[in-house]
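The values are calculated or read from the model by the stated rules, or taken from the named source; none is laboratory data. Since the structure is predicted, the reported quantities are computational estimates derived from the model, not experimental observations. Cβ atoms come from the backbone with ideal geometry, glycine included; neighbour counts cover every protein chain shown. Ligands, DNA and RNA are excluded from the accessible area calculation, which covers all protein heavy atoms including side chains. Shrake-Rupley method; radii C 1.70, N 1.55, O 1.52, S 1.80 Å.
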Amino acid sequence: MPEPILVGTKTQTIKQINSFLFAVQMPSGSKHLFRRIMGYVARERKLLCGVLILIIIGTFLNIMGPVIAGRVVDIAVLKSSSELWVYATAIILLTLSSGAVSFVREYLSGLMSQKVVYRIRVSIYKHLQDLSYSFYDKIDAGQIISRVSRDTENIGGMLGFAIPNLIASLSTLVTVAGILLATNLRLALIALTATPFILLVSLFFNRFVRPLFEKNWIEISGMSTIIQEGVSGFKVLKALGVENEMFKKFDRKNVEIYNIGMRITFLSAITWPSLGLIVGVGSAVLYWYGGIQVIAGGITLGQLVTFTMYLGMLVWPIMSIGFVLSRYAEAMISARRIFEVLDTEPEVKEKPNAIDLGKVKGEVRFENVTFGYEDKTVLKGLSFEVKPGEKVAIVGATGSGKSTIVKLIPRFYDPQEGRILIDGVDIRDVKISSLRRNIGIVHQDVFLFPTSIRENIAYGKPNATLEEIERVAKIARIHDYIISLPNGYDTVVGERGVTLSGGQRQRIAIARALLVNPSILILDDSTSSVDSETEREIYESLKELVKDKTVFIITQRLSTLKLAERIIVVENGRVIEDGTHEELVRKGGAYARLYLTQYAAQEVVK
Amino acid sequence: MLLRRWLSKMAWHFHHAAGAEGKPKEVATGVLVSWLLRWLYPMKARVILLALIALVSLLVNVVSPYVSKLLIDEGITRGDVDAVGRYVLILVLIAAGGWFLGFLRGILSGSLNQKLLYNMRSAVFKHMEDMDVAYMNIERTGKMISLIVNDINAIGDVTTSGTIEVLINSLTLLGSLYMMLNMHLGLSLATASIVPLMLLLSSYLARKTRQAYRLTREKLSELTSSVEQSVSGSRVSQSFVERRSVDTVSFDRLSSETMRANIKARIVFAMIQPSLDAVRALSYVILILYGGSLVASGEISIGVLIAFFGYAEMFYRPIITLTTFYSTLQAALAAAERVYLFLQVKPVVKESTEAKWIEIKSGRIELRNIYFDYDGNPVFQGLDFKVEPGEIVAIVGPTGAGKTTLTNLIMRLYDPKSGEVLIDGYNVKEFRFQSLRKQMAIVPQEPVLFNETVLENIRLGNPEASDEDVKKVVSELGLNELIESLPQKYDTVISIGGGNLSVGQRQLISFARAMLKNPKILILDEATSSLDSYTESLLQKAMIRLMKGRTCIIVAHRLSTVRLANRIVFIENGKIVEEGTHEELLLKKGAYAKLYELQFGIAPEIVSKTSSISVN
Ligand SMILES: Nc1ncnc2c1ncn2[C@@H]1O[C@H](COP(=O)(O)OP(=O)(O)O)[C@@H](O)[C@H]1O
Ligand SMILES: Nc1ncnc2c1ncn2[C@@H]1O[C@H](COP(=O)(O)OP(=O)(O)O)[C@@H](O)[C@H]1O
Ligand SMILES: [Mg+2]
Ligand SMILES: [Mg+2]
């Protein structure tokens, strides 16, 4: 535990004191962001109007309180108790009506803000479903989650609390100041001298604390990522014996968060008592000057009491202007983060006049396809053609782009050059959903959801019957294992499926893809952890099912390759060989070399 | 002494709070409280100081309405301008003192809080690192994050600033009552008469608020995990278009439920201020009517009445604060319970106190009569398995046979139910974890890379290694080409989950990481399953050199991978069904021979024709 480090303390504070004060920093373009948020609010404009009217009414009711109190004091001073009950009734009525007004106001503003939050959330979610792989390649889950939960809540807070509050504060401020000035100019000026100081302090707090809160949030999400990696990589970290390294990373964040917390502590410790000081000194001065006035007979004691109460009433609205500004700024940061997502155009876009592809026969043609990830070209003018119902294997060195090729077929990415045709139609001309409905893909790195096995298999066809599910599970040769489990198909698998062996996971993923009965089936190294015998059984039973389907297989195992009718060899982003297993072996090229490696391996042993 | 009494008072308070709720708890509140207090114990000096400061500032607070009373009665009413000046000066001094004390209090309680949070976060993360694989497999990532990030925060606030708050508020209550009683008994009683009403109302509101609040949190966390699932499984969900509408509908339902919960909560929140105001107004009415008539009859001075208004405020606010504090306290106790329970979980696989650093000299591995199951799902029932020093053994067998489980036992990621795992004749339980795991290396079935540069990812194998050491291992394994092909070479940052590398490339990085450990025992668990045969063969050539002097276990399905082994063990259903050299097993015509046939059976003539072609 290092010593608490108080960074950015007094000297720095004093240095910056002049530059910041009235420049509450707003994120750039916040006007524009605000307008966009108001676009969502526009639909609730009736609610908004109601809130505004209630705020004004509430303000007027509030300022009556001190007047009554002052009158009571004056009456008491005159030692007459006759009229007191009138004021007592007035207080009760006042409280009840202002209570009712504030209740309705709060309810309406809550309703309005929550409706807006709801609509923003749904639109983010829908947009997330449209975004392409390239988006998910860059972002981590935590960031998206915080946008959907925390950032939308911030906006809700701004609309439901901060803005009504700001308006209420301003109207209180103006009315109270007006009344004070009208009653007694000098006393009013004394009472009001406190206000700039309060504003100053709250702006000061705001200016320094808000960036700290933001920084704190960044550090905390960094910490969450570390925890996430610590959990998902737990076994590997243990096996490496380097849990310490992870702890060191964690501790760095922890210390950082501690330091930020200490800075916030320092600022709060200075701010809150300072407000107390301003109000305390302010009312003392008021008492002093007002007291002399009362003695001189200029005003009554009751008026003095009214004045001090008004001074108290001013503190909160002025303070809250500072808070509201900070909430506003925070909400604008959130808005920016939300619109960042909403404005991300999916890289893979559907044309406005896209057609429905319908059920395809399964002819696939790559024409001169060039494709690269952000900083790396993978395919360089790749062309090949697959006839309907053909079973094709794609072979190539590690990292040569095999997985990339098959990810282009369902349009998870779009090629930079060239085009891909299915049944003779450019896949960019068709509805994305109609394209993907035809394709079943088993990704190389299998992802299972932490739900039951049954739900995992039925993922692509949520209304599937148990018979259908069992049928595909049998084809994927996983049924027997599933029913051997105590809970059978209802067994819940761990996160990412950790409670299953690698081959079991792969077979569930195969079953999942088969269930949607696609015309084009893609198996990306989907049996790498399955033993050869089971693998052969899977392919045997698949044969019947995929008789007239186009199948792409990526595999490293010879025994599987030999099942393919045709083999495409990829190197340097191009197809360098194409033919049947026998043809390619006879040709003695790259495939033969690859193929023979596995044989030659056997020879070494012999 | 003071601390003791304060602590026991707090304990009472906490207990009372929970008791009032009557919520069935797994952990007794008393246990939780004493556990929380243990966290504060090391900082007791600061706690005592804080309590002292709180006391002094309390006195200052309580005195100030009285001074206003004096100001009015002895200054203004009597027309004594000097007295007015004197009392105003006192008020200014009180304000200044209040400022100073408030500042000290803020700093002290804030830093106490930060330190507590720091310590707790550290402890929970460390505890998580100390857990075993079996436990962490069932733990959800989201829960761990929320434990460390949210729950600890909730505890921290209440334990430090909350306790001080309670202390000050209760004392303020007593102090203002005392001051009022000193001024006028009847008026004090009248003021206090609405306390029961206030208590009832605020505890009712606190309970309602908490319920409403809990519902919104529950809904939000459902919403969150639904987003989490669809984001982390986005690649899968995009592949299944029918899913889209189902997911959208369920998300829409969840978020409208969240909305409704929030609106409901808002209604409760909206009730708080008006109803408390109403009660307060009632007290004002009492003060005005009764107090006003007392002033009129000359029984009390006008200053006293004004001071009473001040004290009434001081008297009611703590009551409201204290009752609403219960709800915060409940949330904090619930959070504390979660943290406490997690810290109570003890790993099954533990380092024994007598564990030593044992140098692995020969690298002999022996598993004797092993019984093992996952939650009653048996994997091994009396397995015996032996690897001689320097031997290379291949393990072959169907998926789910227990191959990975076997390697887990050797690394002591799990402990067998019975039987023993011996390394160099020592039971693995005699080793310190570090000593066992630093001298062995495993390349796991699924490579796990972290969100750091390639260099750092490899260095994780041996954090002390220099950049040169890393580069040396990479070139010994023949992986320079791979690194060269990455956009920023060694400095390429791997994205979360390793998505910007192909699966084979991830395996190679993970291989390099294991070799950097320079292990005495090397375990490859389907470590090259996603590599093409050619890349694998290059790697194997390097391995033949690198495996000298190490004991190796290779789990594989591809027979080209198995070729490095001196001995092959075929496992099925957790039992060794065959064992021997490649030739022996082929002659035996059993499971292994069948596997061979499956992989090579079809074109034997090609084998003979081309066996002369060299590997490269
Ligand atoms: N999402 C990605 N972002 C950046 N680079 C990637 C991404 N996916 C793959 N790559 C790179 O593209 C190349 C081809 O990858 P891939 O198609 O997965 O190869 P493989 O043939 O092994 O399946 C690799 O060099 C890999 O590093
Ligand atoms: N963490 C776990 N929890 C429960 N069951 C498990 C867990 N890991 C593996 N299993 C089960 O134990 C059996 C053996 O698994 P494993 O050793 O991974 O097989 P493999 O031989 O394919 O490596 C399988 O049936 C698997 O489902
Ligand atoms: Mg791949
Ligand atoms: Mg395994």
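Give B:Arg207, B:Arg243 a once-over and let me know the one that is away from every other protein chain (no Cβ under 14 Å), farther than 28 Å from B:Gly292 by Cα, under 33 Å from the mean Cα position of the chain (by Cα) and not β-branched (Val, Ile, Thr). Working first, answer last.
On the way: B:Arg243 fails: away from every other protein chain (no Cβ under 14 Å).
Sole residue among the options that is away from every other protein chain (no Cβ under 14 Å), farther than 28 Å from B:Gly292 by Cα, under 33 Å from the mean Cα position of the chain (by Cα) and not β-branched (Val, Ile, Thr): B:Arg207.
Quick check, is B:Gly397 facing chain A (nearest Cβ under 8 Å) and away from ligand 2 (no atom under 16 Å from the Cβ)? Don't jump to the end; show me each part of the working.
On the way: facing chain A (nearest Cβ under 8 Å): yes; away from ligand 2 (no atom under 16 Å from the Cβ): no.
Judged against the criteria, B:Gly397 is not a match.
Looking at (1) touching a residue at least 40 places away in the same chain (Cβ under 8 Å); (2) within 30 Å of B:Met183 (Cβ to Cβ); (3) part of a helix (DSSP H, G or I); (4) open to solvent by 50 Å² or more (accessible area, probe 1.4 Å), which is the only condition B:Glu299 fails?
(3)
Return only the number of the condition from (1) at the interface with another protein chain (Cβ under 7 Å from one of its Cβ atoms); (2) touching a residue at least 24 places away in the same chain (Cβ under 8 Å); (3) not hydrophobic (A, V, I, L, M, F, W, C) that A:Glu256 does not satisfy.
(1)
Quick one: B:Met131 ticks every box in (1) at pLDDT 85 or above; (2) open to solvent by 40 Å² or more (accessible area, probe 1.4 Å); (3) in the same structural domain as B:Ser232 (by TED's automatic domain parsing) bar one, so which box is it?
(2)
State which residue is farthest from ligand 2 (Cβ to nearest atom) when the search covers only the range B:529-558 and only residues that are facing chain A (nearest Cβ under 7 Å) and under 15 Å from A:Ser529 (Cβ atoms).
Filtering the range B:529-558 down to residues facing chain A (nearest Cβ under 7 Å) leaves B:529-535, B:537, B:557-558.
Adding the requirement that they be under 15 Å from A:Ser529 (Cβ atoms) leaves B:529-531, B:557-558.
Working: B:Ser529: 11, B:Ser530: 15, B:Leu531: 18, B:His557: 10, B:Arg558: 14 Å.
Looking at residues that are facing chain A (nearest Cβ under 7 Å) and under 15 Å from A:Ser529 (Cβ atoms), I get B:Leu531.
Looking only at the range A:373-405, count how many residues are away from ligand 3 (no atom under 16 Å from the Cβ) and within 38 Å of the chain's Cα centre (by Cα).
Let us first name the residues in the range A:373-405 that are away from ligand 3 (no atom under 16 Å from the Cβ), namely A:374-375, A:377, A:380-381, A:383-391.
Okay, now just the ones that are also within 38 Å of the chain's Cα centre (by Cα), so A:374-375, A:377, A:380-381.
The total comes to 5.
Filter the range B:272-289 down to residues that are of a type in the set (Ser, Thr, Tyr) and under 19 Å from B:Thr321 (Cα atoms), then give me how many there are. Break it down stepwise before answering.
Of all residues in the range B:272-289, those of a type in the set (Ser, Thr, Tyr) come to B:275, B:283-284.
Right, trim to under 19 Å from B:Thr321 (Cα atoms) and you get B:275, B:283.
So the answer is 2.
Criterion first (assigned to a helix (DSSP H, G or I) and within 20 Å of A:Gly312 (Cβ to Cβ)) does A:Gly50 satisfy it? Break it down into steps so the answer makes sense when it comes.
Details: assigned to a helix (DSSP H, G or I): yes; within 20 Å of A:Gly312 (Cβ to Cβ): no.
When the stated conditions are applied, A:Gly50 does not pass them.
With assigned to a helix (DSSP H, G or I), open to solvent by 10 Å² or more (accessible area, probe 1.4 Å) and in contact (Cβ under 8 Å) with a residue 24 or more places away in the chain as the only criterion, which of A:Leu189, A:Leu159, A:Leu199, A:Leu180 stands out?
Values: A:Leu189 fails: in contact (Cβ under 8 Å) with a residue 24 or more places away in the chain; A:Leu159 fails: open to solvent by 10 Å² or more (accessible area, probe 1.4 Å); A:Leu180 fails: open to solvent by 10 Å² or more (accessible area, probe 1.4 Å).
Residue meeting the stated conditions: A:Leu199.
Residues in the range B:559-581 that are modelled with pLDDT under 80 and either touching a Lys or Arg at 6+ places or on another chain (Cβ under 8 Å) or within 16 Å of ligand 2 (Cβ to nearest atom) (or both): how many?
Count: 1.
May I ask you to list the residues in the range B:248-295 that are facing chain A (nearest Cβ under 7 Å) and over 30 Å from A:Ser97 (Cβ atoms)?
B:Thr248, B:Phe251, B:Asp252, B:Ser255, B:Ser256
Out of A:Glu374, A:Glu367, I need the residue that is surrounded by fewer than 22 Cβ atoms within 10 Å (Cβ to Cβ), within 14 Å of ligand 1 (Cβ to nearest atom) and not polar (S, T, N, Q). Which one? Quick ask: steps written out before the conclusion?
Working: A:Glu367 fails: within 14 Å of ligand 1 (Cβ to nearest atom).
Answer to the selection: A:Glu374.
Going by what's in this entry, would A:Val516 be described as away from ligand 1 (no atom under 16 Å from the Cβ), facing another protein chain (nearest Cβ under 8 Å) and under 34 Å from the mean Cα position of the chain (by Cα)? Reasoning before the result, please.
Values: away from ligand 1 (no atom under 16 Å from the Cβ): yes; facing another protein chain (nearest Cβ under 8 Å): yes; under 34 Å from the mean Cα position of the chain (by Cα): yes.
In short, yes.
Taking the range A:505-528, which residues are open to solvent by less than 10 Å² (accessible area, probe 1.4 Å) and within 27 Å of B:Thr407 (Cα to Cα)?
A:Ile508, A:Ala509, A:Ile510, A:Asp524, A:Asp525, A:Ser526, A:Thr527
Could you tell me how many of the residues in the range B:181-218 are among the small types (Gly, Ala, Ser), open to solvent by less than 50 Å² (accessible area, probe 1.4 Å) and under 24 Å from B:Val63 (Cα atoms)? Even if it seems obvious, please write down each step before you answer.
Filtering the range B:181-218 down to residues among the small types (Gly, Ala, Ser) leaves B:186, B:188, B:190, B:192-193, B:202-203, B:206, B:212.
Next, from what is left, pick out any that are open to solvent by less than 50 Å² (accessible area, probe 1.4 Å): B:186, B:188, B:190, B:192, B:202-203, B:206, B:212.
So of that shortlist, the ones also under 24 Å from B:Val63 (Cα atoms) come out as B:186, B:188, B:190, B:192.
Counting residues in the range B:181-218 that are among the small types (Gly, Ala, Ser), open to solvent by less than 50 Å² (accessible area, probe 1.4 Å) and under 24 Å from B:Val63 (Cα atoms) gives 4.
Are any residues in the range B:431-449 at the interface with chain A (Cβ under 7 Å from one of its Cβ atoms) and more than 16 Å from ligand 1 (Cβ to nearest atom), and if so, which ones?
Step one: list which residues in the range B:431-449 are at the interface with chain A (Cβ under 7 Å from one of its Cβ atoms), which gives B:433-434, B:437-438, B:442, B:444-446, B:448.
Residues satisfying the conditions are B:Phe433, B:Gln434, B:Arg437, B:Lys438, B:Ile442, B:Pro444, B:Gln445, B:Val448.
If you check B:Phe385, B:Phe431, B:Phe380, B:Phe372, which single one turns out to be outside the structural domain of B:Leu516 (by TED's automatic domain parsing), touching a Pro at 6+ places or on another chain (Cβ under 6 Å) and among the aromatic types (Phe, Trp, Tyr)?
Details: B:Phe385 fails: touching a Pro at 6+ places or on another chain (Cβ under 6 Å); B:Phe431 fails: touching a Pro at 6+ places or on another chain (Cβ under 6 Å); B:Phe380 fails: touching a Pro at 6+ places or on another chain (Cβ under 6 Å).
Unique residue meeting the criteria: B:Phe372.
Please find, among B:Arg317, B:Arg368, B:Arg338, the residue that is in a helix (DSSP H, G or I) and in contact with an Asp or Glu (Cβ under 7 Å, 6 or more places away or on another chain). Working first, answer last.
Values: B:Arg317 fails: in contact with an Asp or Glu (Cβ under 7 Å, 6 or more places away or on another chain); B:Arg368 fails: in a helix (DSSP H, G or I).
Step by step, each of B:Arg317, B:Arg368, B:Arg338 is checked, and only B:Arg338 is in a helix (DSSP H, G or I) and in contact with an Asp or Glu (Cβ under 7 Å, 6 or more places away or on another chain).
Please report, ordered by residue number, the helices (runs of 4 or more DSSP H) entirely within the range B:464-554 with at least 2 residues that are under 18 Å from B:Leu564 (Cα atoms) and under 35 Å from the mean Cα position of the chain (by Cα).
Working: elements: B:467-476, B:480-485, B:503-515, B:533-546.
Fully inside the range B:464-554 and qualifying: B:503-515.
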